[in-house]
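The values are calculated or read from the model by the stated rules, or taken from the named source; none is laboratory data. For clarity, every value in this text was computed on a predicted model and none was experimentally measured. Neighbour counts are summed over all protein chains in view; Cβ atoms, including those assigned to glycine, are modelled from backbone coordinates with ideal geometry. Protein only, heavy atoms only, side chains kept; ligands, DNA and RNA dropped before computing areas. Shrake-Rupley method; radii C 1.70, N 1.55, O 1.52, S 1.80 Å.
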Amino acid sequence: MTSAPAAAADPLAPVRAALVRAADEEAERLVAAARRDAEATVAAARSRSAALLREARHRGQREGARAAAAAVAQAHRSARAGLLKARAEAYDELCRTVFAQVRRCRREAAYPTVRDRLAGQARRVLGPEATVTEHPHGGVIGTADGRSADLSLDAVAGRVLERCGAGIETLWQT
Amino acid sequence: MSAGPVPVGYTSIRELRGPLVVVAGVGGVGWDEFGTITLASGERRHGVVLEVRDDLAVVQVLEGTGGLDPTGLRVTFSGSPLTVPVGEGWLGRTCDGKGAPRDGGPPVFGPVSAPVEGVAINPVRRQPPGEPVLTGIAAVDALTTLVRGQKLPVFSTAGLPHLELAVQIAAQATTAGERFSVVFAGMGLTHADAFFVREALEERAAAGELCLLLNTADDPVIERILTPRLALTVAEHLAFGGGRHVLVIMTDMTSYAEALREVSAARGEVPARRAYPGYLYSDLASLYERCGRIIGRPGSVTVLPVLTMPAGDITHPVPDLTGYITEGQIVLSPQIHAAGVYPPVDALASLSRLMRKGAGPGRTRPDHLDVAAQLIAALARARQAGELAELAGESALSPADRRYLAMYPVYLHDFLHQGRDTKLALDESLERAWQVLLTLPPSELGMLPAALLNARTGDGTPGAVP
């Protein structure tokens, strides 16, 4: 009787070793591939984030420029509106002053002469039968047969102001 | 300073009817005479004489007759149609259709006054239009160039962006390096449209280059009739008195014609075509013929009226009669608008009859007229190819026709389409035209001089123009 060969210790050992080696190599490949993927992903993410950052910066600049332009335009508009309002106020003040000064002439000694001249003018326009009455604020109103002539001091001053034309602009021109 | 002649006021008010006041006992009053209606409270309104018969005068009150008590009224006639002060005071101002401020400022002043009615330029003193007005719109500048002194209407239909286009042109137009102003007359605008116009043009107005006259839809119709006349009066004095090139944009002239129809009906006139007055043609001519250039005087008045064709009907009296008077037209197309293209200019239906006087060598760019002619020809061929493809199918087209068919979308999107706030320099517009043309084989570009074409297709040098 012969005995079994001693210690063909593990006949599967070479196979196992080969499998382990193959598994190690596969793992290394997978790890390397995973690392490459990760690096590519990180690189792509970096590139994408840089692009997003660039785009955001450009968009911000554009929006900023637009907002600045809108703000400047709004400031121009406000300034222009303020200027026009100030001119309108100056014009209104001129009218108020002119009317007040003209009404004041009622207190002057020459006013009866002025009133008589205005009454004469009313009769020239409307005819000798015209009724002439004194206006409460000075001057006269002539009426005759459905017609009237407004020669109140206010009306005369208003007509003079209307004929001043561009001269009024000297109020706000230096 | 004298107060002038004493105006006679008339106090016999026969009737108040709608916007009309019938005044009795008048003498020496004429049609279109301007009047002032003074209320017992001292409030003043304004009016225009529509009709005079015997000693009766019918006055249309511009501000309406609401709250008027006939017993306390006094109507004074000025002895002439409306006059306005003229001069540079109008620049930077926003006013209503009769010239009253809408911008919170004082009344507009001027060194002299002029009748708003105005007169057409004497034909023997006319200088033919010449040199371009650049609008910053590729379709207009490159293909239907607007010329100084020309009258070039925009034909549109409801729903198209004609107001946006008019406003964009008002905001952008220039005459390279020369003194330039814009007078924008809006007629029958809704309040929303008036707000839009004011917002969009306020910057140019603030720069002192633009005058804005806004007549809204709820304003009296008689004021709508005054609005374009006022705009032209202001423009004439800025141009021929101030040496400026002035562009007058009038929108919407159909709304103006409807106002004319209402006033004509109120006067009891015999209606003509579609109830418009028989003198619609001569009335429109009396406006449009006020533009032009005058021999021996600097400046020019160019008119760009915008009109909407009711139901898109180009034979409607307003576009029809306008077309007889004006020198070409810019037509907007609903189909191009539906394709999302702005401005939807139909280049094949549009024409500037005076383009040759304002474009080309010595005026714009030497290649301008050739490029425009070639692009129009290519568009015509593209339209033919499109119609053929609809009948026979695209596969039945010749290779050349297919190239034209493929060119059309490039034309729409790369040439015609531009932003509503994008101003294109003429060079940019012409380069866009070149890019469209170069999608076609050189053999199809026979209207371009060989040297010009070789410069583009040979060494590819852009802008290489002999």
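Below is a table of values for the structure above.
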quantity: For B:V197: the one exception among (1) within 27 Å of B:L20 (Cα to Cα); (2) without any contact (Cβ under 8 Å) to a residue 60 or more places away in the chain; calculated: (1)
quantity: Among the candidates B:G89, B:G66, B:G97, B:G72, residue that is under 25 Å from B:A170 (Cβ atoms), open to solvent by 10 Å² or more (accessible area, probe 1.4 Å) and either among the β-branched types (V, I, T) or out of contact with any Pro (no Cβ under 7 Å at 6 or more places or on another chain) (or both); calculated: B:G89
quantity: Count of region B:108-160 residues which are under 30 Å from B:D193 (Cα atoms) and open to solvent by 50 Å² or more (accessible area, probe 1.4 Å); calculated: 4
quantity: Residue tally, condition within 27 Å of B:P19 (Cα to Cα) and either free of Cβ contacts under 8 Å to residues at least 24 places away in the same chain or more than 19 Å from the chain's Cα centre (by Cα) (or both), over region B:223-245; calculated: 0
quantity: Residue in region B:7-15 that is of a type in the set (A, V, I, L, M, F, W, C), more than 11 Å from every other protein chain (Cβ to nearest Cβ) and either in contact with a helix residue (DSSP H, G or I) (Cβ under 8 Å, 6 or more places away or on another chain) or open to solvent by less than 40 Å² (accessible area, probe 1.4 Å) (or both) present; calculated: no
quantity: Residue list for region B:62-112, restricted to those being within 21 Å of B:A231 (Cα to Cα), touching a Gly at 6+ places or on another chain (Cβ under 9 Å), at pLDDT below 90 and away from chain A (no Cβ under 12 Å); calculated: B:L62, B:E63, B:S80, B:P81, B:L82
quantity: Residue in region A:40-51 that is free of Cβ contacts under 8 Å to residues at least 60 places away in the same chain and either within 14 Å of another protein chain (Cβ to nearest Cβ) or within 30 Å of B:D421 (Cβ to Cβ) (or both) present; calculated: yes
quantity: Pairs with Cβ under 7 Å, 6+ apart, first in region A:62-90 and facing another protein chain (nearest Cβ under 10 Å) and hydrophobic (A, V, I, L, M, F, W, C), second open to solvent by 60 Å² or more (accessible area, probe 1.4 Å) and assigned to a helix (DSSP H, G or I); calculated: A:A73/B:E203; A:A90/A:L171
quantity: Residue count, region B:146-180 (criterion: part of a strand (DSSP E or B) and more than 11 Å from the chain's Cα centre (by Cα)); calculated: 5
quantity: Selection within region A:148-174 - more than 8 Å from chain B (Cβ to nearest Cβ) and not small (G, A, S); calculated: A:L153, A:D154, A:L161, A:E162, A:T170, A:L171, A:W172, A:Q173, A:T174
quantity: Lone qualifier among B:G118, B:G136, B:G130, B:G186 - being small (G, A, S), under 30 Å from B:S78 (Cα atoms) and in contact with a strand residue (DSSP E or B) (Cβ under 9 Å, 6 or more places away or on another chain); calculated: B:G186
quantity: Some residue of region B:402-418 being surrounded by fewer than 16 Cβ atoms within 10 Å (Cβ to Cβ), out of contact with any strand residue (DSSP E or B) (no Cβ under 8 Å at 6 or more places or on another chain), of a type outside the set (K, R) and touching a residue at least 40 places away in the same chain (Cβ under 8 Å); calculated: yes
quantity: Residues that are of a type in the set (D, E, K, R) and more than 10 Å from every other protein chain (Cβ to nearest Cβ), drawn from region B:199-221; calculated: B:R204, B:E209, B:D218, B:D219
quantity: Output for region A:118-147, where each listed residue is within 11 Å of chain B (Cβ to nearest Cβ), at pLDDT below 90 and under 50 Å from the mean Cα position of the chain (by Cα); calculated: A:H137
quantity: Which listed residue is within 11 Å of another protein chain (Cβ to nearest Cβ), in contact (Cβ under 8 Å) with a residue 24 or more places away in the chain and open to solvent by less than 20 Å² (accessible area, probe 1.4 Å), from B:V21, B:V26; calculated: B:V26
quantity: Scan of region B:277-288 for residues that are closer than 15 Å to B:D32 by Cα and open to solvent by 60 Å² or more (accessible area, probe 1.4 Å), ordered by number; calculated: none
quantity: Residue identified as in contact (Cβ under 8 Å) with a residue 40 or more places away in the chain, out of contact with any Pro (no Cβ under 7 Å at 6 or more places or on another chain) and open to solvent by less than 40 Å² (accessible area, probe 1.4 Å) among B:A339, B:A385, B:A378; calculated: B:A378
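The rows are residues; the columns are (1) in contact (Cβ under 8 Å) with a residue 60 or more places away in the chain; (2) at positive phi; (3) open to solvent by less than 60 Å² (accessible area, probe 1.4 Å).
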position: B:R204; (1), (2), (3): no, no, yes
position: B:A207; (1), (2), (3): yes, no, no
position: B:L247; (1), (2), (3): yes, no, yes
position: B:A259; (1), (2), (3): yes, no, yes
position: B:A275; (1), (2), (3): no, yes, yes
